[in-house]
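Working notes for the structure below.
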Amino acid sequence: MGIPRALLYYEYYPLWKTFFEELGAEVVLSAKTNKKIIESGLTYCVNEACLPVKIFHGAVSDLIGKVDCVFLPRIISVAKREYICPKFSGLPDMIRSSLPNLPPVIDTEIKLRLSDKTLKEAFIYTGKFITDNIAKIIKAYHKALRAHGDFVAKTQKGVLPAQIFDGYRPPQPKGLKIAVVGHIYNLFDSYANNNLFKRLYQNDISVITPETLQTKIIDESADKLNKKLFWSFARKIMGAVIHFTQTKDIDGVMYIMSFGCGIDSFIADLCERKLKRANIPFYLLVIDEHSGEAGLDTRIEAFVDMLKRRKTNDSDLSAHG
Ligand code: SF4
């Protein structure tokens, strides 16, 4: 079973992997994002698409010839009364129309907007591609849910997906502490963001992300908005940022945005306004397929230097205050 290492892989890989393995399938992941995957993405995907969707195309192309079928769920909504970016629902069609020699595609529809009970049906539908044994499928489904719950619990205890997926070791908490926010695939695809976490850790910077916060905290903070945000992942980012404006226990916020993403443009602007009012520095890092390592380094360094100067000035003021 091929799974592209892109987009919601960073959110749901433990769930999908456990489910398929429990049914006896061997899970094959595409290679980590690299130059070749980006180039394939550029070849097969429409030019106007965002970088994560291009990477997804490259990741699927990397699986061709290596797997018997590929799992490309058509994800419409992942929570009640919410949606995610419409690009996700069109992905199986985009891939089918642009990639030659595709193996069979499992394009299960995930639509939890009206009821999360449909999730079980979606898994039964998916499992039937492998076995007719419904009891086995349901058992695998419950095991997969537990694996997902463990993954979420681990991140909410502060273990970032960057540590789980890339083995990065965070520094001792003695330097700056910043929050990095954005869509999960921009945060944790270390090739797409030019090893952002590694760079921050090398500068002794502790990092928190929306994934490290309890769901209850995110929900309560997001509910403070005048109007409910109906994009699930945007709501999570916004809830986290509102929480940071209240706790003020971070030195700054960095937003990783995909070039050309409408949702990111809107939410990043909203975040910036909230943080400005709370006097918390904000930095918007826009990534695309041309983001060069040197340019990114300079921009991160400039932001970090500014935060360091700010912290030193603040402590000088309180020392003299
Ligand atoms: S939310 Fe933005 S970055 Fe994510 S898939 Fe949609 S357009 Fe691309």
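FYI, it's all coordinate maths here, none of it is from the lab. Here the structure is a predicted model, which is why all the values come from computation and not from measurement. Glycine also receives a Cβ, built like all others from the backbone with ideal geometry; neighbour counts cover every protein chain displayed.
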Run the simple label-point estimate for I76 and K177 please: 7 Å along Cα→C-beta, distance reported in nm. 4.2
For the range 30-183, whose charge dipole is built from +1 on Lys and Arg Cβ atoms and -1 on Asp and Glu Cβ atoms, the candidate among F151, V78, T126 with its Cα farthest towards the positive end is F151
Choice from A49, A234, A302 showing the highest fluctuation, given a GNM over the chain with Cα pairs closer than 10 Å: A302
When the helices in the chain are scored as -39500 (n - 2.57) per DSSP H run of 4 or longer and the sum is shared across all residues, what 222 nm value do you end up with, to the nearest 500 deg cm²/dmol? -16500 deg cm²/dmol
Loop sites only, by DSSP: take the GluC sites (Glu not before Pro) in the chain that have at most 11 other C-beta atoms within 10 Å and name the longest stretch containing none of them. 49-321
Estimated distance in nm for a label pair at Q246 and M306, the labels positioned 7 Å out from Cα along Cα-to-Cβ: 2.7
Whole-number Å³ per residue for the convex hull built on Cα positions in the chain: 128
Counting C-alpha atoms alone, how compact is the range 160-320: give Rg to one decimal and Dmax as a whole number, in angstrom. 15.4, 48
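Arrange Y83, Y125 by Cβ neighbour counts within 10 Å, fewest through most, would you?
Listing Y83, Y125 from fewest to most nearby Cβ atoms yields Y125, Y83.
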Fewest Cβ neighbours within 10 Å first, please rank V46, V304 accordingly. V46, V304
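Placing +1 at every Lys and Arg Cβ and -1 at every Asp and Glu Cβ, with all other atoms neutral, what dipole size does the range 141-255 have around its Cα centre, in debye to the nearest 20? All intermediate terms of the calculation are to be shown ahead of the outcome.
Details: 16 positive and 10 negative charges, 34 e Å.
For the range 141-255, the charge dipole is close to 160 debye.
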Taking the range 2-155, the equivalent ellipsoid from its C-alpha gyration tensor has semi-axes in Å, biggest first, of 25, 18, 15
Which entries of K54/K117; K120/K228; K36/K128 show an alpha-carbon separation above 29 angstrom in the structure shown? K54/K117; K36/K128
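With +1 assigned to the C-beta of every Lys and Arg and -1 to the C-beta of every Asp and Glu, and no other charges, what is the dipole magnitude of the chain about the Cα centre in debye, to the nearest 20?
Working: 44 positive and 36 negative charges, 171 e Å.
Result for the chain is approximately 820 debye, rounded to the nearest 20.
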Between L114 and V46, with labels modelled 7 Å along Cα→Cβ, what's the label distance in nm to one decimal, could you check? 2.8
